[in-house]
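Written out below as structure tokens is the structure these notes cover.
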């Protein structure tokens, strides 16, 4: 399957898919539409997946490790893409362990351990209360929890 085939598929399957937005993002990322997915690097495949998702006008976006496996420059681009392309009336849930990389785009957070809520709140409130970054609080909370 080529990248253009993915665009065709999403166009056919999702009525809220904006192909022009997807093509523009792929062009910005220098991802040729005629390339087969199997020839792309892991990071480029993840970029294509993110572009496909963020080119929809959904009410809820759930992104599982959207910046895992990509270089730091690509992480910045991916986060900027998420922020600049989602529907403002929508919610975005990002599941990740890379707190320091996503912290700048978060409004609120939930820490979960073994399926249980450990901590939640507004990022600004936690930074003010603890005088630390959310990443530092995350590290403190999770180093104290048992592995079981």
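Please treat every number below as a calculation from the coordinates, not as lab data. All figures in this text were calculated on a predicted structure; none of them were measured in a lab. Every residue, glycine as well, gets a Cβ built from its backbone with ideal geometry; the counts of neighbours run over all protein chains shown.
For region 106-148, with equal point scatterers placed on the C-alpha atoms only and solvent neglected, what are the log10 I(q)/I(0) values from the Debye formula at q = 0.33 1/Å, to two decimals?
Here log10 of I(q) over I(0) equals -1.25.
At 0.36 nm per residue, and after removing the present C-alpha to C-alpha distance, how many nm does the segment from residue 122 to residue 142 gain when stretched out fully?
Full extension from residue 122 to residue 142 adds 5.4 nm.
Based on the alpha-carbon gyration tensor of the chain, what equivalent-ellipsoid semi-axes (square roots of 5 times the eigenvalues) come out, in whole Å, largest first?
Sorted largest first and rounded, they come to 32, 16, 14 Å.
What full-extension length gain, to one decimal in nm, is calculated for residue 106 and residue 130 as 0.36 nm per residue of separation minus the Cα-Cα distance?
6.9 nm
For region 51-123, just list the percent of Cα-Cα distances falling in each 10 Å bin from zero outward, please.
Per 10 Å bin, starting at 0, the Cα pair percentages come out as 17, 52, 28, 2.
In degrees from 0 to 90, rounded to the nearest 10, what is the angle of the helix 72-85 Cα long axis to the longest principal axis of the chain?
So the helix axis and the longest Cα principal axis differ by about 80 degrees.
What is the order of 20, 44, fewest Cβ neighbours within 10 Å to most?
Ranked by crowding around the Cβ, least crowded first: 20, 44.
Using the basic label-point model (7 angstrom from Cα toward the beta carbon), what is the residue 20 to residue 36 distance in nanometres?
In this crude spin-label approximation the distance works out to 3.3 nm.
Measure nothing fancy, just the Cα-based angle from helix 134-143's long axis to the longest principal axis of the chain, in degrees from 0 to 90, nearest 10.
Value to nearest ten degrees: 70.
If one takes the longest principal axis of the Cα atoms in the chain, at what angle in degrees, from 0 to 90 and to the nearest 10, does the Cα axis of helix 19-28 lie?
Value to nearest ten degrees: 80.
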